[in-house]
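Visitor: Can you keep this structure in mind? I'll have questions shortly.
The values are calculated or read from the model by the stated rules, or taken from the named source; none is laboratory data. Here the structure is a predicted model, which is why all the values come from computation and not from measurement. Here the Cβ positions follow ideal geometry from the backbone for every residue, glycine too, while neighbour counts run over all protein chains shown.
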Amino acid sequence: MEIGGFGTALVFRYQNGLNVSLGERSLLEHGILPWVMGRVPFHRFAVLEDRCFGCGACIALCPVDVLSLTSKMVYVDEPNCTHCRLCIPSCPVFALKLERSG
């Protein structure tokens with residue numbers, strides 16, 4: 001636990017090194033995600049299988065641990081993805097994207 005500011009803001013290190021406030025930590029631990037991480041309506045997160053070579057750079061950045069590496073391929077647990085898009089810039093081959101569904 002780190003204390004920031006003038007002792008007014010408590011900051012905790014959460015999963016994957018994510019720094020969250022006391023209130024955000026409570027929300028994450030109870031399965032209620034902050035509004036900033038809301039899902040984008042009518043979109044789905046996709047991994048382009050013809051591009052991904054399984055380097056795993058994206059996995060460390062996922063705040064909700066929905067990315068997994070299996071047989072040199074990254075897979076996403078789409079229903080639990082928050083569409084935060086933190087992982088997208090980490091991919092060296094541009095294999096991650098948020099695309100319109102249906």
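Visitor: His43 fails exactly one of the following numbered conditions: (1) farther than 18 Å from Cys91 by Cα; (2) modelled with pLDDT of 60 or more; (3) touching a Phe, Trp or Tyr at 6+ places or on another chain (Cβ under 6 Å). What is the number of that condition?
Guide: Among (1) farther than 18 Å from Cys91 by Cα; (2) modelled with pLDDT of 60 or more; (3) touching a Phe, Trp or Tyr at 6+ places or on another chain (Cβ under 6 Å), His43 violates only (3).
Visitor: Given Glu49, Glu78, Glu24, which one is surrounded by 11 or more Cβ atoms within 10 Å (Cβ to Cβ) and modelled with pLDDT of 90 or more? Let's see the steps before the verdict.
Guide: Working: Glu49 fails: surrounded by 11 or more Cβ atoms within 10 Å (Cβ to Cβ); Glu24 fails: modelled with pLDDT of 90 or more.
Only one candidate qualifies: Glu78.
Visitor: Next question. So which residues in segment 81-94 are in contact with a Cys (Cβ under 6 Å, 6 or more places away or on another chain) and part of a loop (DSSP other than H, G, I, E, B)?
Guide: Listed by number, the residues that qualify are Cys87, Cys91.
Rundown of residues vs (1) touching a residue at least 40 places away in the same chain (Cβ under 8 Å); (2) assigned to a strand (DSSP E or B); (3) of a type outside the set (Val, Ile, Thr), yes/no style:
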position: Arg51; (1), (2), (3): yes, no, yes
position: Ala57; (1), (2), (3): no, no, yes
position: Ala60; (1), (2), (3): yes, no, yes
position: Leu69; (1), (2), (3): no, yes, yes
position: Tyr75; (1), (2), (3): no, yes, yes
position: Pro79; (1), (2), (3): no, no, yes
